[in-house]
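Below is one structure, written out as structure tokens; comments come after it.
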Amino acid sequence: MGRKNMKRLIKNSLNYSLAVYFFCFLVVISINANAQKNRVNTQPKIAFEITSHNYGVIFAGDNGEVDFNFKNEGKSPLIINNVVSSCGCTVVKWSKDPIMPNQTGTIKVAYNTNIIGDIKRSITVSTNDQSQSRIVLILTGKVVAKTK
């Protein structure tokens, strides 16, 4: 085999090797992308009916309770890790039990309506939903003194 033929054979072998490596790289990337897609499809998914509540104008001492209902639209149990209010004037309650797929849950919020003035409060909900691990619920409105 001549020197020219040997160089051509080496060049063709390198080109073939590069093509094989590139093809393998594409296959690995595709498998990884599908694995991530499937993992996301098996995760919990929180979906709130509403994420804000406007009390409007209410009187001091009126009922300040509101329920934020949600559903686990995912394929694995949804866990509410924590719920934190922006102020001590708002008390929150929620179930510590996992919410199974297609099941619903409620975050109960009670605002202290004995505080006169504008209502601008937030409640931060932390979950194991990787697509939205934190959701902010908003309370607005205005409390006015009762007239005699």
Original post:
Does any residue in the range 135-147 that is in contact (Cβ under 8 Å) with a residue 24 or more places away in the chain come within less than 7 Å, Cβ to Cβ, of a residue that is loosely packed, with under 14 Cβ neighbours inside 10 Å and among the aromatic types (F, W, Y) six or more places away or on a different chain, and which pairs are these?
Top reply: V144/F59; K146/F59
Original post:
Which one of S131, S76 is of a type in the set (G, A, S) and either touching a strand residue (DSSP E or B) at 6+ places or on another chain (Cβ under 6 Å) or surrounded by fewer than 12 Cβ atoms within 10 Å (Cβ to Cβ) (or both)?
Top reply: S131
Original post:
Can you name the residue in the range 41-62 that is more than 23 Å from I138 (Cβ to Cβ) and exposed (fewer than 13 other Cβ atoms within 10 Å of the Cβ) and, of all such residues, is modelled with the lowest pLDDT?
Top reply: N41
Original post:
Got a number for residues in the range 38-94 being small (G, A, S) and farther than 29 Å from T147 by Cβ?
Top reply: 5
Subject >> Answer from K120, K146 - the residue that is surrounded by fewer than 13 Cβ atoms within 10 Å (Cβ to Cβ), of a type in the set (D, E, K, R) and touching a Phe, Trp or Tyr at 6+ places or on another chain (Cβ under 7 Å) >> reply: K146
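The values are calculated or read from the model by the stated rules, or taken from the named source; none is laboratory data. Bear in mind that the values here come from a model prediction, so they are computed numbers and not experimental data. Heads up, the Cβs are rebuilt from the backbone with ideal geometry, glycines too, and the neighbour counts pull from every protein chain shown.
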